[in-house]
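Down below is the structure, laid out as structure tokens.
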Amino acid sequence: MYWNELNPQKRNVLFKFDNSDVKKDKDRILVKLKTNVFNFVSLFLSSSNIHGFNHLTDNMRHYTEKFIWVIAICLSIYGSAILGSSTWTRYQENPTVISMDREYKEWATALPAVTLCPTNKIDDQLFDELVQKNFTNYTEEEKEDLRTFLVQLANATYGTFNEVPVYDRISPNEYLHYVMSLGGAISYTISNSHVEIFSSIELVPSVTELGLCYSYNGYVAPYNDYKYWLRRNISEFPKIEIMSGTPLDGDIFVQITSMNFGYMGFVHSPYEVPDVACRIFPSPENFYKTLDVTALSIFSTPEIKYLSPKQRGCRFLDESELEISQIYTYNICRNQCRMDQARKLCGCVPYFYKPLNKYKICDVKGMHCLDQHKDFLIKLRNTTGVDEKVNCGCYPPCDDVNYIVEGDNTIQWFLGTNLKWGLIKYPRMRLKRNVLFGFTDVLVSIGGTAGLFLGCSVLSFLEIIYFFTFRLAITSLCEK
């Protein structure tokens with residue numbers, strides 16, 4: 001009532017008086033805050049162990065001197081940051097070194113694995129049983145069309161997809177099942193130079209980019225077995241014995257005789273799988289092939305494990321981030337890269353990869369589409385126009401053996417198909433990947449740089465943290 005009874009002029013005077021009081025209170029609070037901040041920063045600069053800071057708060061210093069000290073401190077911080085950044089970059093990008101190890105009597109060299117892909121992957125008897133069971137209503141012409149399709153499908157890969165005839169009476173999701181179920185039984189006899197030790201090693205079925213194949217001495221092969229895929233138990237780890245030897249053991253070789261099939265062969269590391277871009281060693285039936293192999297190993301010291309794959313430039317077998325395999329190899333990584341590129345180009349992937357829900361299986365039209373990009377998919381490199389390599393993010397294995405076939409001899413043989421391979425000589429040196437610049441070296445280098453430019457230590461950095469956390473909190477409480 002009283003406020004309403006006042007005339008407008010008096011009400012404006014009282015309103016102005018109230019606003020001026022509020023403004024003065026805000027100004028006093030702002031001035032007090034600035035003063036407290038200035039005093040706190042002055043306390044930090046005057047008591048800091050970092051060289052040069054104390055000159056900025058010394059009342060005996062002229063403003064010109066303080067300005068010079070500001071420039072000196074800024075230049076020191078800049079120099080320290082530049083050298084520290086260079087040290088950190090070196091640690092992230094090049095912390096390892098590869099050297100020679102010549103103590104060849106102290107290590108064992110693994111015999112190369114061999115993967116054999118039969119040239120005839122469809123068994124006639126199994127096909128007849130399949131027709132009698134599931135396709136009894138087919139005419140003879142339809143049965144022949146089915147047979148032609150399955151034969152071409154079982155042998156299809158990048159570069160031969162265009163040979164698969166159009167056939168739409170089988171779902172693409174069943175392609176792998178039919179090819180695997182029609183693979184006939186193989187017969188062979190194995191002998192090796194160390195049969196008393198490695199007598200249990202046999203050919204292991206493995207699905208590759210060339211369809212159904214069989215591997216000997218391959219540690220990774222059981223992970224690509226179709227039956228293993230069907231079990232879908234990633235916690236179950238197949239165990240394969242690897243054949244290896246030292247110079248003290250004498251020659252090491254394997255001979256597979258009396259095989260009932262011709263093949264396309266691959267020579268690779270026991271910890272790797274064959275790749276469609278790898279060199280092929282073919283042999284028709286009733287021929288005897290011998291392969292003379294030399295090896296060069298590379299291994300990593302235990303300290304390498306503590307670096308990230310990007311830092312060391314390699315991956316260990318148990319560091320898989322792949323969707324198609326719980327173990328890592330370079331070629332399996334390239335397989336997944338081909339799957340991704342095939343899906344981008346044609347919207348589907350070939351049937352011979354591990355089935356995953358996110359990847360659609362190609363029908364015949366899809367395979368014909370892939371054949372149009374065969375060079376790109378095989379090499380994972382764009383060879384038309386600008387030569388550009390696909391960035392698959394695949395690192396080489398940290399522990400690996402590279403094999404070189406120096407002799408390849410094939411002669412006709414009347415006692416079946418035979419294959420013999422072995423190391424013609426043991427390597428007398430191997431490559432060793434070791435840590436050259438570790439995290440301790442980073443701390444020492446950055447600490448030395450900070451000490452050189454700023455004269456500070458670990459306690460100096462802890463002091464900064466202390467001042468702007470605990471000390472700041474205590475000062476604020478005391479002010480209240």
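Order these peptides, 240-246, 360-366, by their mean beta-carbon neighbour count within 10 angstrom, highest first.
Packing order, densest peptide first, comes out as 360-366, 240-246.
Quick one: length gained pulling Asp441 to Lys365 fully straight, 0.36 nm per residue minus the C-alpha distance?
Result for the pair: 21.6 nm of gain on full extension.
Calculate the dipole size of the chain relative to its Cα centre from +1 charges on Lys and Arg beta carbons and -1 charges on Asp and Glu beta carbons; express the result in debye to the nearest 20.
I would put it at about 2800 debye.
Can you work out the PRE-style zone for Ile474? Point 7 Å along Cα to Cβ, and I want the residues of the range 40-58 with backbone N under 15 Å.
Hits in the range 40-58 for Ile474 at 15 Å: 40, 43-44, 47-48.
Pick out, in residue order, every one of the trypsin sites (Lys or Arg not before Pro) in the range 165-258 that is DSSP loop and has at most 10 other C-beta atoms within 10 Å; say none if there are none.
Sparse-neighbourhood loop trypsin sites (Lys or Arg not before Pro): Arg169, Arg232, Lys239.
Given the -39500 (n - 2.57) contribution per DSSP H run of 4+ residues, what per-residue ellipticity at 222 nm results for the chain, rounded to the nearest 500 deg cm²/dmol?
Helix contribution divided over all residues of the chain: -12000 deg cm²/dmol.
By the scheme Lys and Arg +1, Asp and Glu -1, what is the net charge of all other residues having a beta-carbon under 9 Å from that of Val405?
Value of the local net charge: -2.
Report which label in (i) 345; (ii) 150; (iii) 200 holds the value of volume of the Cα convex hull per residue in Å³ derived from the coordinates of this structure.
(i)
Before anything else, pin down the relative contact order of the range 286-429: Cα pairs under 8 Å, at least 6 apart, normalised by residue count, whole percent.
This gives 51 percent for the range 286-429.
Over the range 240-396, how many percent of alpha carbon pairs lie in each 5 Å bin up to the one with the longest distance?
1, 7, 13, 15, 17, 15, 14, 11, 5, 2, 1, 0
If you stretched the chain out fully between Lys105 and Asp124, how much longer would it get, using 0.36 nm times the residue separation minus the C-alpha to C-alpha distance?
Length difference between fully extended and current span is 1.7 nm.
If Lys and Arg each add +1 and Asp and Glu each add -1, what is the summed charge of the other residues whose beta carbon sits under 9 Å from the beta carbon of Gly184?
It works out to a net charge of -1.
So if each residue of separation counts as 0.36 nm, and I subtract the Cα-Cα distance between Glu241 and Ile424, what length gain in nm does that give?
Here the segment from Glu241 to Ile424 would lengthen by 63.7 nm.
Residues with amide H under 5 Å of Asn120's amide H, sequence separation 5 or more or different chain, H placed in the peptide plane at 1.01 Å from N; which?
Amide H neighbours of Asn120, under 5 Å, 5+ apart: Gly262.
Starting from the amide H of Tyr167, placed 1.01 Å from N in the peptide plane, find each other amide H under 5 Å away whose residue is 5 or more places distant or on another chain.
Val364
What is the set of long-range amide H partners of Ile252 at a cut-off below 5 Å, with H atoms built 1.01 Å from backbone N?
Those lying under 5 Å, H to H, from Ile252 are Leu423.
Over the chain, what is the mean sequence separation of C-alpha contacts under 8 Å (at least six apart), divided by residue count, expressed as relative contact order in percent?
24
Using the per-residue mean of other Cβ atoms lying within 10 Å as a proxy for protection, in what order, highest first, do the peptides 211-218, 149-156, 341-348 fall?
Descending packing order for the listed peptides: 211-218, 149-156, 341-348.
Readers should treat all values here as calculations from the given coordinates under stated rules, not as data from a laboratory. Note that the coordinates shown come from a computational prediction; the quantities given were computed from them, not determined experimentally. Virtual Cβ from ideal backbone geometry, glycine too; neighbours counted across all protein chains shown.
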